[in-house]
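Read the structure below first, then the notes.
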Amino acid sequence: MRADNMPIDQTLYETVQHGHKNFPIQYYVDELYKFRNRRVPLHWHFEPQFYVSRGGVVRVQVGNHVIDLNPGCVIFINRNTLHSFEQIREDDLCECPNIIFSTELITSNTSILFQKYIKPIISNRNLPYFVLDPNLAWQKTIIDDLTCIFFLLQKYGSKGSYGSFPDLQFEIKNLNETCFEMEVQRRLNQIWQCIYSHLDQIPVVPQDSKELQYQVRLQQMIMFIQHDYMNPITLQDVSNSANISKSEALRCFQTYMKQSPIDYLIQYRLEVAQRLLFETNSSVQDISSECGFNSSSYFIKIFRNKIGITPREFRRQLSAHG
């Protein structure tokens, strides 16, 4: 599975296991220039994440907050938090190392260590994210430990669902590579201890009830679209699915998805159409109807405008590479 084809369910949950139950941490390199619109789509997962901007400025969306992450800086994304990453400049080559991990790797959820040091951070709704700057000494210590973790997992770690990534060059000194899993755990413990020790210096990001309500409504509307995409759907239908007005539905989608509900509906229909063109022998007319387009000519026009080629040309190219 390619990393630029992220599997996301109807609630925007990324349906990928990060790491293994016996070693719950996974290393990735997001090659943002390879993603559609150079953007990792909005998603969430149960585990927290550390993400490094590398190769250019990365625009990070966390909930309805937008952060421009300068090269060399790190962002911590808390668990269960909607987020996305985007390469701003078209000519940059952003290759961003990151880890997604379970805090079980630090300590058991039943331990006093979890209650005292882990839970106050991962359960804090006013701490959906924070940024680490290498120009601050204590934050650079964390970034250095992260770099060591990246190096170890790149060299010795197992591949995740997205397969291989480019080998990045990390400046590492005096790293003990013996028992690399224990070294990864030790570094992660150091990172967490440092964060906890400096909590008073980390700015909170107050989350009001309206923002949380927006996220729930967005997920309700997306679930409706993905369930009923093959039927005629209006903006009123989408807004009714979350019991809100049309203007509120538009505002909600624009805030989080950077597009209108109808634009998202068309995008989703096209994604389903591409899958059917690849996986089935159905005619273009049948696929058009199955995906909710009111005519095959309109389907072909929209497909060509958005994908750049016609459905038949798309299928032909797949066959040539298949």
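The values are calculated or read from the model by the stated rules, or taken from the named source; none is laboratory data. Treat the numbers as computed from the prediction; the structure is a model and nothing was measured. Backbone-built Cβ (ideal geometry, glycine too); neighbour counts: all protein chains shown. For the accessible areas, the whole protein counts, side chains as well, though only heavy atoms, and no ligand, DNA or RNA atoms are used. Shrake-Rupley method; radii C 1.70, N 1.55, O 1.52, S 1.80 Å.
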Net charge near T147: determine it from the other residues with C-beta under 13 Å of the C-beta of T147, scoring Lys and Arg +1 and Asp and Glu -1. +1
Here the FRET efficiency for S111 versus R89, based on Cβ atoms and R0 = 41 Å and rounded to 0.05, is 0.35
What is the Cα radius of gyration of the chain over 2.2 N^0.38 Å, N being its residue count? 1.09
Using distinct alpha-carbon pairs, which all enter the 1/r mean, Kirkwood radius of segment 171-256 in Å: 17.2
In degrees, nearest ten, helix 180-197 long axis to first principal axis of the chain (Cα): 80
What is the spin-label model distance, in nm, from R304 to V272 if the labels are put 7 Å beyond Cα along the C-beta direction? 2.4
Theoretical gain in end-to-end length, R36 to W138 [0.36 nm per residue, Cα-Cα removed]: 33.1 nm
Computed over the chain: longest principal axis from alpha-carbon atoms vs helix 296-307 long axis, angle to nearest 10 degrees, is 30
Accessible solvent surface per residue of the chain, calculated while the other protein chains remain in place, 1.4 angstrom probe, Å²: 51
Bin by bin, in steps of 10 Å, what percent of the Cα pairs in segment 200-322 do you find, going until the bin that has the longest distance? 13, 36, 26, 16, 7, 2, 0
With the charge dipole of the chain built from beta-carbon charges (+1 for Lys and Arg, -1 for Asp and Glu) about the Cα centre, the Cα from T141, I122, L270 projecting farthest to the positive end belongs to L270
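What's the FRET efficiency of K210 with S295 using the Cβ-Cβ distance as r and R₀ = 30 Å, to the nearest 0.05?
Details: r = 40 Å, r/R0 = 1.34.
Between K210 and S295 the formula returns 0.15.
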Taking the Cα centre of segment 50-172 as origin, work out the dipole magnitude from +1 charges on Lys and Arg Cβ and -1 charges on Asp and Glu Cβ, in debye rounded to 20. 600
Cα-based helix-to-principal-axis angle, 137-156 vs the chain, degrees rounded to 10: 70
Where the eigenvalues come from the Cα gyration tensor of segment 98-229, what are the semi-axes √(5λ) of the equivalent ellipsoid, largest first, in whole Å? 31, 22, 16
Determine, at each q value in 0.20, 0.25 (inverse angstroms), the log₁₀ of I(q)/I(0) that the Debye formula gives when each Cα of segment 85-163 is one equal point scatterer. -1.28, -1.28
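What dipole magnitude, in Debye to the nearest 20, does the chain give about its Cα centre under +1 on Lys/Arg Cβ and -1 on Asp/Glu Cβ? Write down the numbers at each step before the final one.
Values: 32 positive and 33 negative charges, 86 e Å.
The calculation lands at about 420 debye.
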Under a plain spin-label model, where a point goes 7 Å from the Cα along Cα-to-Cβ, how far apart in nm are E313 and S283? 2.3
Taking the Cα of S123, stepping 7 Å toward and past its beta carbon, and measuring to each backbone N in segment 46-86: which are under 20 Å? 46-49, 77-82
With +1 on each Lys and Arg Cβ and -1 on each Asp and Glu Cβ, how big is the dipole of segment 100-207 about its Cα centre, in debye rounded to the nearest 20? 260
Round to the nearest 0.05 the FRET efficiency obtained for V66 and E248 when R0 = 22 Å and r is the Cβ-Cβ distance. 0.60
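Restricting to DSSP H runs of at least four residues, report the calculated mean residue ellipticity at 222 nm for the chain, -39500 (n - 2.57) per run over all residues, nearest 500 deg cm²/dmol. Write out the running numbers ahead of the final one.
Details: 10 runs with 130 residues, N = 322.
Estimated from H runs of four or more residues: -13000 deg cm²/dmol.
Would you mind telling me the share, in percent, of accessible area of the chain contributed by carbon and sulfur at probe 1.4 angstrom?
Whole-percent figure for carbon plus sulfur exposure: 47.
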